[in-house]
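*Asks:* First, the structure itself, so that you have it in front of you.
The values are calculated or read from the model by the stated rules, or taken from the named source; none is laboratory data. Everything quoted here is computed from the prediction, not taken from an experiment. Cβ sites come from the backbone with ideal geometry, for glycine too, and all protein chains shown count toward neighbours.
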Amino acid sequence: MIIKHEFLDFNTNFAYFTNKEPEEHIAKFLKMAYQNNKPRFVERFINFYKANFKAYDIQNFNDILNNINKLWDVSNEFSYEEAFKIENNNFRIKVFSYINIENLVKELGTTRINVEGKDVINKVWNPIKKIFEYIPTTLIYELHHANGEKLGLKNAILPIVKCWCTSTNNEHWLWVNPDKIIDNSPLSAIASTCCIYKSMYGKIKYIIRHGDVFVFEMIEKVIPKENEEIISLNTDEYFSLLKSQS
Amino acid sequence: MTENKEKEVVLEQSSHPHTLKGDAKVIKEMKGMNTIVLELQGAAIVEHGQHATVRTEEDSQNIIKITQQEFNPVTQALMNAFD
């Protein structure tokens, strides 16, 4: 059974919180989620689970809660460096959702390297009129270099792309692989975030980007294998296939 | 009477999940890049609490969903982006 909680679910079959993270990590995460506010943490997390454990007659799990409660007092929130080192993808995303990326970038210090725009015709669905609409849009991307010292990386230049959501106009920052950037082009940097399995290459009909999700319609059936090589698209491939984004 | 075959498939879990709605069948799910391979019979829409709705083509059949990838500057490996 899974007990659902606004921050961390508990699996009663295996007696662990989301993703089997160590209790030290759970305490550090909860410090972030509850903004270091212990009374709120006790009321909304510890007491929530104690009540649930009692209701399901599984009070032997209270030891886990007591341990996390003790760890709270001696833990700090995840540092940026620690957060990047979290191995489990889902848990790392959870932690990063409480890190303000704009503050992180500001704190690291960045230099703007290059700006590029791309005129596209964005094909969006109007769910009320039930028709496609074709909206001319200019996508703007900025390539920055962040200083890696505060992440424990001496003399490291970390490329990061700044872009704006076409739906919300919110600012987003995406870390990119320096080896995939051609001539400091922000367009090549953003294209490199569109990764596919090698068996998909040359078989993509079009791409829809929906926030952080890519939907690929394939020309033919392709079922990638788990251990298959991953490749990223280049600028021309990405923007010629991208038909719709929001 | 025509049978309503519309299904909901959560493409990406979050506080505002990306949800695909259409005559869809999940063929394969993979941990890597949060991949989902789907078979569609016709158009499907993708909704989200904050992003505008998008839609596949009328004759859509073979769809693959992959999460955008960032390059973790500390571990030097790909990681799933999040919005």
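*Asks:* Just need a number here: residues in the range B:29-83 that are of a type in the set (Gly, Ala, Ser), at negative phi and more than 7 Å from chain A (Cβ to nearest Cβ). Break it down stepwise before answering.
*Replies:* Looking only at the range B:29-83, we keep the residues that are of a type in the set (Gly, Ala, Ser), and these are B:32, B:42-44, B:49, B:52, B:60, B:77, B:81.
Still in the running and at negative phi: B:32, B:43-44, B:49, B:52, B:60, B:77, B:81.
Adding the requirement that they be more than 7 Å from chain A (Cβ to nearest Cβ) leaves B:43-44, B:49, B:77.
The qualifying residues number 4.
*Asks:* If you don't mind, another one. With the requirement that a residue be of a type outside the set (Val, Ile, Thr), within 20 Å of the chain's Cα centre (by Cα) and either more than 22 Å from A:GLY148 (Cβ to Cβ) or at pLDDT below 95 (or both), what does the range A:188-201 give you?
*Replies:* A:ALA191, A:CYS194, A:CYS195, A:TYR197
*Asks:* Being buried (at least 17 other Cβ atoms within 10 Å of the Cβ), out of contact with any Gly (no Cβ under 8 Å at 6 or more places or on another chain), hydrophobic (A, V, I, L, M, F, W, C) and modelled with pLDDT of 95 or more narrows it down to one of A:ILE64, A:ILE68, so name that one. Steps first, please.
*Replies:* Values: A:ILE64 fails: modelled with pLDDT of 95 or more.
The match here is A:ILE68.
*Asks:* Now, a different point. So for the range A:106-126 (the condition being assigned to a loop (DSSP other than H, G, I, E, B) and within 11 Å of another protein chain (Cβ to nearest Cβ)), does at least one residue qualify?
*Replies:* Within the range A:106-126, none of the residues are assigned to a loop (DSSP other than H, G, I, E, B) and within 11 Å of another protein chain (Cβ to nearest Cβ).
*Asks:* A further question on this structure: Within the range A:77-104, track down each residue that is crowded, with 18+ Cβ neighbours inside 10 Å, β-branched (Val, Ile, Thr) and either closer than 26 Å to A:TYR141 by Cα or under 12 Å from the mean Cα position of the chain (by Cα) (or both).
*Replies:* A:ILE93, A:VAL95
*Asks:* Still on this structure, I have one more. Out of (1) assigned by TED's automatic domain parsing to the domain that holds A:LYS28; (2) surrounded by 14 or more Cβ atoms within 10 Å (Cβ to Cβ); (3) farther than 24 Å from A:ASN37 by Cβ, what's the single condition that is false for A:ASP57?
*Replies:* A:ASP57 satisfies every listed condition except (2).
*Asks:* All but one of (1) part of a helix (DSSP H, G or I); (2) charged (D, E, K, R); (3) more than 30 Å from B:THR56 (Cα to Cα) hold for A:LYS94; which doesn't?
*Replies:* (3) is the only condition that A:LYS94 fails.
*Asks:* Step by step: first the residues of the range A:223-234, then only those that are more than 7 Å from every other protein chain (Cβ to nearest Cβ) and in a loop (DSSP other than H, G, I, E, B), then the one that is nearest to B:GLN61 (Cα to Cα). Which residue is that?
*Replies:* By that ranking, first place goes to A:LYS225.
*Asks:* Does A:LYS130 meet the test of being modelled with pLDDT under 95, surrounded by fewer than 17 Cβ atoms within 10 Å (Cβ to Cβ) and closer than 30 Å to B:THR53 by Cβ?
*Replies:* Numbers: modelled with pLDDT under 95: yes; surrounded by fewer than 17 Cβ atoms within 10 Å (Cβ to Cβ): yes; closer than 30 Å to B:THR53 by Cβ: yes.
It is true that A:LYS130 is modelled with pLDDT under 95, surrounded by fewer than 17 Cβ atoms within 10 Å (Cβ to Cβ) and closer than 30 Å to B:THR53 by Cβ.
*Asks:* So which residues in the range A:142-198 are part of a loop (DSSP other than H, G, I, E, B), more than 7 Å from chain B (Cβ to nearest Cβ), polar (S, T, N, Q) and touching a residue at least 12 places away in the same chain (Cβ under 8 Å), if there are any at all?
*Replies:* A:THR166, A:ASN184, A:SER185, A:SER192
*Asks:* Oh, and also: What is the one condition in (1) of a type in the set (D, E, K, R); (2) out of contact with any Asp or Glu (no Cβ under 8 Å at 6 or more places or on another chain); (3) at pLDDT 95 or above that A:GLU226 does not satisfy?
*Replies:* Evaluating A:GLU226 over (1) of a type in the set (D, E, K, R); (2) out of contact with any Asp or Glu (no Cβ under 8 Å at 6 or more places or on another chain); (3) at pLDDT 95 or above leaves (3) as the failure.
*Asks:* On to the next question. What's the number of the condition A:GLU82 fails, among (1) within 14 Å of chain B (Cβ to nearest Cβ); (2) in a loop (DSSP other than H, G, I, E, B)?
*Replies:* For A:GLU82, the failing item is (2).
*Asks:* Take the range A:206-221 and flag every residue that is at the interface with another protein chain (Cβ under 7 Å from one of its Cβ atoms) and not in a strand (DSSP E or B).
*Replies:* Within the range A:206-221, the subset at the interface with another protein chain (Cβ under 7 Å from one of its Cβ atoms) is A:208, A:210-218, A:220-221.
Result: A:GLY211, A:ASP212, A:GLU220, A:LYS221.
*Asks:* Still on this structure, please answer the following. How many residues does the range A:8-21 hold that are hydrophobic (A, V, I, L, M, F, W, C) and either surrounded by 18 or more Cβ atoms within 10 Å (Cβ to Cβ) or in a strand (DSSP E or B) (or both)? Write out each step before concluding.
*Replies:* Within the range A:8-21, the first condition is being hydrophobic (A, V, I, L, M, F, W, C), and the residues that meet it are A:8, A:10, A:14-15, A:17.
Subsequent filtering for residues that are either surrounded by 18 or more Cβ atoms within 10 Å (Cβ to Cβ) or in a strand (DSSP E or B) (or both) retains A:8, A:10, A:17.
Of the residues in that region, 3 qualify.
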